[in-house]
Every structure is written in structure tokens, then in C-alpha cells.
Amino acid sequence: MTQITRLSKAARMLGLTLVAATAMSITPALALEYTEGDAPAGNFGKSTSIEPVTVVGGTNIFETDVSKNAAYIPPAFGSPMADMPGSGERLTPNLLTGGYPESGTVSSGTTTVMPPAAETPSDGGATWNSGYTVVTSGLYYKDGSLGRLSAPAIGLSAKIYQGTDNAAMRKGAGHFTETSIWDGNVAFAGHNRGSSNYFGKIHTLKNGDTIKLTTQVGTRTYSVYSVQKVSVNDVSVLNPTTDNVVTLVTCVMNQPQYRWCVQARQK
């Protein structure tokens, strides 16, 4: 009996020990503690206020005229004037600003000065002024060409295509995209050898020889006045001109640092 009692006490003690151990192993679910400090200096969100901010002693934006009251019609993309500040026609020529003054504008009174009307061919193909004609979709023929260039003295007769890459010059004369296509300086490039050597003999042209240009705008004849060898880096021959000029450019055989350049003026 005594032995049974001892075993019973031992069993109870073991049970209490297991219960205590289990209770000690349980971690209570407590909220984590953390602290929140001040935000770093200057690291604040943008204000959502719609009220104008007044800077005492400074110039406030609401006191400055920032309206676009002297807008310009931009020049044609790729034209020599495209990157020149202030180039283009004013949309509102009667408004005078402090930017780029031009003749004909007025800053007071009731007179409105309008820009001169641009010339437009009957078929609506192009608009031009100031010795420069932009290539537009209306100037293309059905075959994709822009016209024809000919020089009877050397048997040249080639269609004109936009651009001076191989794709254009393989089919005929390539038009320098940064130059005019009718008024002013109209410039072309061509191969001087191979099956597409349309410009192979331009260096043999003489002063007074005739070059003819035909486009959707019309036909013009030119008289050669310059045949010269220029540096490959000389792009001045492509500059706009007040006279109507046609410029032909091709490589010089075995002299990659030079180009043949022929220029002719309208008769």
C-alpha cells in the first residue's frame, strides 16, 4: 500500500512538472514596441494647397505674363531654318514682344499688320516664300519621284527622289532633304560610276551649259556658272540662296576627300 502511495505521489509530481514546463514554454502575443522620430529636414510632401504662394520681396509667378501671345508657325522639319531661334511666321503679327523684333509689328494703336500671303500653286502642292520651297505630299508623282533633272550637253536625264541614300540614288538623282525643291538653292546628289552613274559626267559641264528642272510646280532652265572640286566637308554649297540655283554634287573618282560640285543659275 505504501509503495502504491509513493508511486501515486510521484506520478502527480511528474504531471505538475510537465504542466509547469509547458506553461513556461508558451510566449505571450504582445504588441511590438517602436518609436517614431521627426522627419528629416526638408523631407516633406508637396503642398496640396491651390492658393498662390507669395514670396515676400521676390517676383511671384502670378505677377509675370507667361501667356503665349507671340506664337510662331515652325519652319519645315529638316529645313536650314529649323534650328534657328525665332524663325517662322508669327501667328499674331500685331503683338510685339521683347524677343525677336521684326518689321511690320505694332505695339500700340488699333492697326493689325498681317504677313504677306504665301504663294500656292494651282494644284495645292506646295507653299513657299523667301527662296525656299518645302517638299509636301502634293509634290510627288504617282511613281514616287519629285520630278526630272536633265543636262543635254552630257546626256543626263534622271528622275528625282527624296533623300541622298543609296536607295534614292540607285534610281536617279537624290534630293538633299535640307534644301529647297523649287525656289532658292535646289541641290541633288548622284553616283558617278556603276550602273547608276547618272552624275558620272557632270564635271565635264561648261559654263553656259543648260540644266533643266521639272517638278509639279513647273519647269525651269538654268545656266551653268560654276564647276569646281570642293572638300567633302564643305556644305556651304547647300546654303539657301536668294537666286534660283540648282546644285549637283557627286564623288571624285579615287579622291574620297573631294566632291565635284556644279552650280547653275536660272536663266
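Some notes on this structure:
- Total formal charge among the other residues, if their Cβ is under 15 angstrom from that of VAL237, Lys/Arg +1 and Asp/Glu -1: 0
- Residues whose placed amide H lies under 5 Å from that of ASP183, excluding near-sequence neighbours: THR133
- Label sites at THR177 and THR17, each approximated as a point 7 angstrom past Cα along Cα to Cβ, lie 9.4 nm apart.
- Net charge dipole, segment 138-266: roughly 400 debye, given to the nearest 20, about the Cα centre with Cβ charges of +1 for Lys and Arg and -1 for Asp and Glu.
- Fully extended contour minus Cα-Cα distance, from ALA167 to TYR258, at 0.36 nm per residue: 30.5 nm
- Count, lysine Cα pairs under 19 Å in segment 138-266, 8 or more residues apart or across chains: 10
- Were the residues from ASN197 through VAL235 laid out at 0.36 nm apart, the gain over their Cα-Cα distance would be 11.5 nm.
- Modelled label positions at SER223 and VAL134, each set 7 Å beyond Cα in the direction of Cβ, lie 3.4 nm from each other.
Every number in this text was worked out from the coordinates using simple rules, so none of it is lab data. Predicted model only: the values in this text are computed from it and were never measured. A quick note on method: Cβ atoms are made from the backbone with ideal geometry, for glycine too, and the neighbour counts reach across all protein chains shown.
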